[in-house]
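The values are calculated or read from the model by the stated rules, or taken from the named source; none is laboratory data. All values derive from a computational prediction rather than experimental measurement. Using ideal geometry, Cβ is built from the backbone for each residue, glycine included, and neighbour counts are taken over all protein chains shown. The area values use the complete protein model at the heavy-atom level, side chains included, leaving out ligands, DNA and RNA. Shrake-Rupley method; radii C 1.70, N 1.55, O 1.52, S 1.80 Å.
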Amino acid sequence: IMLASGFAIVVAWGPEFLFLYNDRYRQVLGATKHPRALGRPAAEIFPEVWHFIGPLFEKTRSGQTVAVDDLLIPLDRYGYLEECFFTLSYSPIRDESGGVGGMLAIVAETTERVQGERRMRTLRDLAAIAPRAQTAEEACENAARTLGQNPTDVPFALVYLQGEDGARLVSRTGIEDAGIEWPLAEAARTGGAVVVHELELPGGAYPEPARSAIVLPLTRPGSERPYGFLVAGMCPRR
């Protein structure tokens, strides 16, 4: 039944919850866990979150069923701790004696939907607050304050306005003084985003530092020269 299913399904068998899973579940494990996970104890597969999901597994041993929607489970699937959300159901599997021999897990990853809804809320808030500004500086301050309400997706942000003497920092959130010469000129010249790597700056909602940031030119339709720049940190768990 498990192997033929189009849903991600796990049979975790015995006292150590030895992992058996179908092809669809491979996406949940990523490159760092599959195929090593096959037949291994669950605690060995998920050391980064076993303190959290281990008790959920144990509930099935007592005959309970666990069902959760959009549960945050940070997993190391590609060499870093990744923000992942799942809707899942854990239920006991009875053996021939009538006792619990293992656990059946049916899992649906909802990461993209949860993140998309969260980011859309930020975009709606930005659009709602934009008309309230009376000056460009106030607009930048409002934008930075709104971005600061979503430190998960935007660990930090800086907004610059372009003047006759160059770009000046007008507002920021999540960061004091980075002491970094951002590639504003490159972003202005190319007219597109410039990604900066090898950073170690505030990670927003997460303890890991933000390693990358994106520099975006702010432009008006019909104008080649940007009137400002947005520098936004990238979430360390995405």
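Structure notes:
- By accessible area, using a 1.4 Å probe on protein heavy atoms only, region 79-177 has 50% of its surface on carbon and sulfur.
- Separation of the residue 169 and residue 193 label points, Cα + 7 Å toward Cβ, nm: 2.3 nm
- Cubic angstrom per residue, convex hull over Cα atoms of region 148-228: 102 Å³
- Here the chain is treated with +1 on each Lys and Arg Cβ and -1 on each Asp and Glu Cβ, and its dipole about the Cα centre works out to around 580 debye.
- For region 67-200, the fraction of C-alpha pairs more than 17 angstrom apart is 74%.
- Probe 1.4 Å, accessible area per residue of the chain, Å²: 55 Å²
- Normalised Debye scattering of the chain at q = 0.13, 0.14, 0.16 Å⁻¹ gives log10 I(q)/I(0) of -0.84, -0.91, -1.07, counting only Cα atoms as equal scatterers and leaving out solvent.
- Once the C-beta distance of residue 80 and residue 223 is scaled by a Förster radius of 45 Å, the resulting FRET efficiency is 0.70 to the nearest 0.05.
- Protection proxy ranking, peptides 77-90, 126-139, average beta carbon neighbours within 10 Å, highest first: 77-90, 126-139
- Label point distance in nm, residue 40-residue 181, each placed 7 Å from Cα along Cα→Cβ: 4.6 nm
- Zone of residue 238's modelled label, taken as backbone nitrogen in region 90-121 under 20 Å from a point 7 Å along Cα→Cβ: 108-121
- Rounded to the nearest 0.05, the FRET efficiency derived from the C-beta distance between residue 134 and residue 27 at R0 = 41 Å is 0.25.
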